[in-house]
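K.L.:
Shown below is the structure under consideration.
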Amino acid sequence: MSQPSLVGSILERKPAGKPSTPPSQTTTKTGFPAVQHRSQSAFARARQNAQKATGQRLRDVPVVQPSSSLKNEILQSKPVPLPPASILPSPAASQRDPDAWRNSMEEENLRRVEAMTEEEREQERAEILEKFGPHVAEVLRKAREAREAKQKADGEGSQEVGAQPSPPSSPSRPRIGERTRSFNSIMRPSSPPSSSASSSRPPSRADRKIRFADITPGDIHVYESAPPSPRRKALALPSPSDSDGPTISLGEWKGSSQKSLRRREETTEAAQDEGRDVKTEVKVADLEEGTPEYIRQRFFPSAPAHDPSVQWMQAAPEEEPEPEAEPTIRFDLSGSPIPADLSSKLPTHLGLHHHAEGSHAGYTLDDIFLLSRSTVPAQRASMLSVLAKIAHKLARTSADSKKGIPELAGQELPLRKRMLATGVEAMSERASVGARAVELLWECIVWWDDVIRDLDGVELRDLDLGTTATSSEGALASLPLDYMLPQIANAFAVGDFPPETLVQLLEILHRLAQHSNAMATTIVSTKGLIANTFQRFLLTPIPLADDTPLPTPFALTFLRIVALSSRENASALLDPADSLLRFVISLPTASPFPVGLATTLLSETLRLYAAFASYGLYAHIATTAQEHFLQLNRYVLSPQCLSVNLRSAWLELIEAWIVCAHDPHRTTPTHEILWSQVVGWGWIDDILAARERLTVQDEELWRRIWEASAAFLEGARINGLRGGEEERASALAILKESFSSGVEQRVVAVALEGARTALGKLSSGLRQAILASDVPVLQELGRHANTLAAATRLFLACAPRATPESLPEPPFILPFAELSSLCAAITNHPFWTGLYTPESTLYAHALCRPLSSLLSRYLRLVRTMPNTALDLWMAQAFAILCRLFPGDEDFAQRTAIGIAETITQDFLRLRGWNVPEAVWDRGGMAIITPFLKYALRPTPELRVGSVWKTPQSISIAATQRLPPLSALTPNERRDHALPLAKDWLFSPLDHLLRSGESEVFKNLPESWDASEAEVVRATLLLIRVSQEVLQYHQLSGFLMSREEAVFGCMKVFMLEHGQQEPSGGSQEEVFRDTIVERFMTDLLAPFSASASQKSLRTPPPSIHTSDSIDVVAKRFLGSAVPFYQWYTDFVGLYDSISFAHPLFARLLLPPLSMRYPVDYRKYLWADFNHVMRTIRVPPEAVITGSIAEYLWPVEVDAEVVGAYLRALVKGSLDGFVRLVAVHHISCKIWPDLGSDGEEKAQKLLRAVIDQGGHDVVRDVVLYRQNRVGTIMLPPACFKQQGEWKASRLEFAGRCGAEVRERLKGLLEGQ
Amino acid sequence: MNAPNRYELYVLEEGERPVEVTEDTKIPNAATIKIVKQDHTLANLLRSQLLSMPQVLFAGYKVPHPLHPYFLLKIQTDGSVTPTQVLETACTKLIGTIATLEAKFKREFTFKDVDGGVQEDAYGAPVTGGSFEGNSYVDLF
């Protein structure tokens, strides 16, 4: 039937424009409404009553809804939709108030019926009779009669009529309903009016078939927004009124003209109110229903308006608007923030109001944290899941403050900590609470730094603090591991979490192991955790049944991270690792697991073995399971194996084992794998045979093959006959051709090209730091660098001799020129300095490791080139040494010794450098080699495994992971020797200065008996040579900065600090040694003002490219001793013993520049005013890049200005210090130099004139200086002419006639 | 317990010479003068006196160890006089200065009896009756 049924569903209409009031006369007995038990809702009660009374099926809404006047009550009780007119003619419209709409309904019904055809009418009639029974007409007729009868009697609207039950459909129910209603409105102001709640739901009865409201599109109204509080407006569902604001109608409901209807209602109602005091009525009507005032006026009209005893009732409504103190962010259940304007409008049925305070939709973080401790598991679980979703988004905010939830930017760390605490607290719960808690933990731990999941070569402790290190303790560091880890172990053992949750727990463990070595150790030492991990994720039952879980390869990744973290942890994993053989013994093709899974399991296992082998552990498995490994070797290198990953893992493992076999005494325990076995297994032949099938694209595999072959050839050099000549020859027979024109040559070319491109990209995109966006480029660069490094290693392994010396002919051809230019580009690239800027990615240094390993191998390659000049090699060595990371210490030491050995008398004489013979008398560089070695010595317990594994590195490596970047910052005292600062060559002086506690002095060979002066001479010579060769070969980026040189020279002078006696004059001060003096002067020459014309430029540079001297000093002094303290000692030393040593005096000056804090100037000028006259340094000799730095801006500290004046008038200042003093005094006096010309300036002028000698007065009066352009040095600055003289004279006049008189001669002369 | 005897700070030992002059061999007109049984009091006086003299290019001292009662005075002159002579001159001048100071002090002190009136405390403030009320900041031990 296309037309809706005539007997439609009941649609609620607004009964009247005014809120209704309950009948007062029924409740006035006591003055209170009768008590009503509220165990049932008003709605249910009303319906029950209605049923009791009528015993008839209710088709309409049980009327709880009140009417404003008693007369309405009767009408209200009647079924709202009238029967169709075809059955029963509509009752005459004779009632006043509701009659209007009744009439209109009737009209409408009439119209509809008229519009029907006869057949349709017949059909409808049949339907109605069928539904309501044959007596329905009778019933309706009676109702209509009653109504009409009442209409007649209702002339006055008397209340007695309403009080009588009206037969038959008007029982006493409505009154009870009214009462309930009024009761309700007092007690529960916020409960929604039942009329609205029930309007969409037809009443039910057991014996009735279910029907659904037959709603047409016209019945649906879309509200722009629903009211936040049901108390203000009914939530949904009356049709829109004017007060609802703009609405969008989905279509007009035909036949209803709501607006006009309502208006008519209002007028009739107003006319109807005669029986009541109009004034009160209006007032009551204005009041909001349910407010105390409303109740007072309605029920207690005689009570005073503001009765203090019911004061408590007043408070609530006033709170209603609830000004949100601060716009706290509210979240919906999906964890996304709700905009503030929306949160006050959202309807309550969305489940967003279940929090204690306020009427806003959504939960604040505090609400969520509170509710996440709920005792109701479902609530707790859902809040934990909301929290997890917030964490999910917040994680992105921490990476980029504009993503995710930007509102919370800056609070990520504290929130993450709180969330972690919440998660940890709930993780031991069972079922969904526990699972949600684990999810929350996972979001906060694993997802938070999702990008670093594959990173295994570095500790990630730094990441914990995030970009804004506001707190000393990071989020992960705050985890209660001793509680959490046993819980995880337990969860693995019991296994009642869903598999996804268990995997999440595994990933959490993985991330924690990534965090730091200490955390990895805690994980290993937690009882049962590792064992349970094996049991749960790896040792799944075999044979497979349908429901047996499959092993999780990620568990192997986790174990590898643990193994890489430290030698102890790796050893702890050895025992259970035996069981992993199950993945090895059957090839993937024969494995019970799917091939893909079996391959992943196999390659992860091999990588784990390789991690063990990098400590020299567990190599015996190669012997124990040699059958299987031979089989595996055949499979992996055959075309049958398609997985690059597996091949690469296998080759990596072979390389590691070959290195273990180099020296059987380096493995733990010894003799685990023997060279004869390695030869016997014929790995090298298989490897070299496998290269036949590779193409240029398999860069990774080429790298592995080269590394493994190189490892074999290196081993053969040690263990083979005649230094492995035969092996080399056979390898070269294959490789030589291929490297000059074959596929290998192309691979190298491709890698070179790729590396160059990546480097180019890095340059173009690079700002000051390495950002997250640079990471992929850096990774690509690292990949190519690895390939090139492998080729270089192979080259070196093929060289006939291991010692670094030039070869007559190369074993095979590498593109040397390109390699050299690439390495130069890498070495000089700015990203190395960008590494340590605070914006940089915190693990970028791990990505640079392939580069430093390429550089170090390249450096050895250079040495073998026949045409390389030694000084070029040396310059490159000095440069590359600064590019090494922990783990490269062996190489660094070898290189440093190599350099020291190269610097001989002959070497220098050949290059035309004249060095005093005295330096060589005691062995030249040999006396400082122990210090240099020590400077590059790794701390044993922090020893990082080398990238280029050697027997030595596998035997002593304590960990395979780089320390976090914060442990490597160049300007701190740190545990790791590498990376080096540019002034590392001064380190022998450090040991002299700390000779009492220096380790080197305890371990010096007996024959070592050099004096302090000799050590200093050798050190300074080495530094001089390094600076010269670096300069000569245009590696200026590695030259010491001015500050480093200055601080280094300060160390030489400070050797005298704290010395007791000149011991009879036999041992003179080191700095008076002529050679030392000469070296220092040479060293500082390029940094003095005369070295560059730029030093006269003004204004001074605002940005300094090099670190300031106090930062440089921190490397040596540590953060406990400030540079200021060092400087005070230095000045004190100068004051007592210097004899005005000119170099000593020059070194006093750098911290006096205006770029440094005023304390230094105060100290020297004010406290040591008497020494200023001994500092006779000419301006050209000042060690500075800019003289203007001492002059501009003008000194503001009054004490220092006073000290300038004192020094000027008392003593005979000379040279640069005189210029500085005159400059600042003049600038303080003369308006044309920037003085304000006020009282202070006049006082100062008078002081100069009164106290100063003639030349002081003359200098101050005639001093001129440029603010922009070029600084004028004396005497030019005293000889300028110009208008300013007149203005100065005029200013002098203001100070008094006699002042003017005195200066007249000076200022008017010439 | 380990404290050296107080008198060791000012009593010369047997055969000890109070002043030792070491001419510096490398630096012209420079000398290091070791003065025993003296401390900063004299050293500082001497240095500032020396520095106020135009012939002196450098004057400085150090007390190598606080428990050893001597100091080393380093003097460099411009060559017109030797360091030893300059030191002698400085000492003479100092003695003169101090004698003047003493005379002045004594003279001022006699005024106290002449004026007879107001007693002054250490800070020059008039004291009535020698009591310390109102001067509670004075350290009373």
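K.L.:
How big is the range A:544-702 along each principal axis, measuring the range of its Cα positions in Å and listing the largest first?
P.N.:
Largest to smallest, the principal-axis extents are 48, 40, 27 Å.
K.L.:
All other residues with a Cβ under 13 Å from the Cβ of A:Leu502 taken together, and with Lys, Arg as +1 and Asp, Glu as -1, what is their net charge?
P.N.:
Working: positive: A:Arg536; negative: A:Glu439, A:Asp496, A:Glu500, A:Glu507.
Value of the local net charge: -3.
K.L.:
Follow-up question, since we're still on this one. Based on alpha-carbon centroids, what's the gap between the range B:64-118 and the range A:480-552 in Å, whole number please?
P.N.:
The range B:64-118 and the range A:480-552 have Cα centres spaced 84 Å from each other.
K.L.:
What number comes out for the charge environment of A:Ile734, summing +1 per Lys or Arg and -1 per Asp or Glu over other residues with Cβ under 12 Å away? Intermediate results must be reported in sequence, preceding the final value.
P.N.:
Details: positive: A:Arg691, A:Arg728, A:Lys736; negative: A:Asp685, A:Glu692, A:Glu727, A:Glu737, A:Glu744.
Residues near A:Ile734 contribute -2 overall.
K.L.:
Also, quick follow-up: Round to the nearest 0.05 the FRET efficiency obtained for A:Gln1280 and B:Thr89 when R0 = 45 Å and r is the Cβ-Cβ distance.
P.N.:
Once rounded, the FRET efficiency stands at 0.60.
K.L.:
Just to check, using Stokes-Einstein with a Kirkwood Rh over alpha carbon pairs, what's the diffusion coefficient of the range A:373-526 at 25 °C and 0.890 mPa s in µm²/s?
P.N.:
158 µm²/s
K.L.:
Calculate the spin-label point distance for A:Arg937 paired with A:Asp906, positioning each point 7 Å from the Cα along the beta-carbon direction, and give it in nanometres.
P.N.:
Result for the modelled spin labels: 3.1 nm.
K.L.:
Which whole number gives the average, over all residues in B:21-33, of C-beta atoms from other chains lying within 10 Å of the residue C-beta?
P.N.:
Average per residue, whole number: 2.
K.L.:
Taking only the C-alpha atoms, wrap a convex hull around the range A:495-615 and report its volume per residue in Å³ as a whole number. Please list the in-between numbers first.
P.N.:
Values: hull volume 11.9 nm³, N = 121.
Normalising the Cα hull of the range A:495-615 by residue number yields 98 Å³.
K.L.:
Using just the alpha carbons, could you tell me how many Å³ per residue the convex hull of the range A:969-1015 encloses?
P.N.:
It comes to 101 Å³ per residue, whole-number rounded.
K.L.:
Per-residue Cβ counts within 10 Å, from other chains only, averaged over A:1137-1146: what number is that?
P.N.:
4
K.L.:
Sticking with this one: In the neighborhood of A:Leu796, defined by Cβ-to-Cβ distances under 10 Å, what is the net charge if each Lys or Arg adds +1 and each Asp or Glu adds -1?
P.N.:
Overall, the nearby charge balance is +3.
K.L.:
Can you give the convex hull volume of the alpha carbon atoms of the range A:979-1077 per residue, in Å³?
P.N.:
129 Å³
K.L.:
Using 0.36 nm times the number of residues separating A:Arg722 and A:Glu999, minus their current alpha carbon distance, what extension gain do you get?
P.N.:
Details: separation 277, 0.36 × 277 = 99.72 nm, distance 4.06 nm.
Going from the current span to full extension adds 95.7 nm.
K.L.:
Please order A:His662, A:His1104 by the number of other Cβ within 10 Å, starting at the fewest.
P.N.:
Placing the least packed residue first, the sequence is A:His1104, A:His662.
K.L.:
For the range B:6-112, what is the charge dipole size about the Cα centre, in debye to the nearest 20, if Lys and Arg each add +1 at the Cβ and Asp and Glu each add -1 at the Cβ?
P.N.:
On the way: 13 positive and 12 negative charges, 100 e Å.
Dipole about the Cα centre, nearest 20: 480 debye.
K.L.:
P(r) for the range A:1112-1198, please, calculated from all Cα pair distances in 5 Å bins and given in %.
P.N.:
Pair shares across the bins are 3, 13, 24, 25, 22, 11, 3, 0.
K.L.:
Can you bin the range B:6-112 into rounded, prolate or oblate? Criterion: square roots of the alpha carbon gyration tensor eigenvalues sorted a ≥ b ≥ c, rounded for a/c under 1.5, prolate for a/b above b/c, oblate for the rest. The partial results should precede the final answer.
P.N.:
Details: a/c = 2.44, a/b = 1.25, b/c = 1.94.
Cα axes put the range B:6-112 in the oblate bin.
K.L.:
Sticking with this one: Mean 1/r over all different Cα pairs, inverted: what Kirkwood radius does the range A:1081-1135 give, in Å?
P.N.:
13.7 Å
K.L.:
Please average, across the residues of B:55-61, the number of beta carbons from any other chain that are within 10 Å of each residue's own beta carbon, and give a whole number.
P.N.:
Mean shielding by partner chains, rounded to a whole number: 6.
K.L.:
Taking the beta-carbon count within 10 Å as an exposure proxy, list A:Arg756, A:Arg793, A:Arg111 from fewest neighbours to most.
P.N.:
Fewest to most other Cβ atoms nearby, the residues stand as A:Arg111, A:Arg756, A:Arg793.
K.L.:
Once you sort the root eigenvalues of the Cα gyration tensor of the range A:1162-1211 as a ≥ b ≥ c, which label holds: rounded (a/c under 1.5), prolate (a/b larger than b/c) or oblate (the other case)?
P.N.:
Oblate shape, in that a/c is at least 1.5 and b/c is the bigger or equal ratio.
K.L.:
For the range A:1060-1165, what mean projected area does the convex hull of the alpha carbons give, in nm²?
P.N.:
Working: hull surface 34.4 nm².
Orientation-averaged projected area of the Cα hull: 8.6 nm².
K.L.:
Now for a separate question. When a/c is below 1.5 the answer is rounded, else prolate if a/b is larger than b/c, else oblate, so apply that to the range A:1182-1227 with a ≥ b ≥ c taken from the square roots of the Cα gyration tensor eigenvalues.
P.N.:
Since a/c reaches 1.5 but b/c is at least a/b, the shape of the range A:1182-1227 is classed as oblate.
K.L.:
Additional query: Sort A:Lys933, A:Lys131 so that the residue with the fewest other Cβ atoms within 10 Å of its own Cβ comes first and the one with the most comes last.
P.N.:
Starting with the residue having the fewest Cβ neighbours, the order is A:Lys131, A:Lys933.
Every number in this text was worked out from the coordinates using simple rules, so none of it is lab data. Fair warning: this is a prediction, and the values are worked out from it, not measured in the lab. Positions of Cβ are generated from backbone atoms using ideal geometry, with glycine treated the same way; all protein chains shown enter the neighbour counts.
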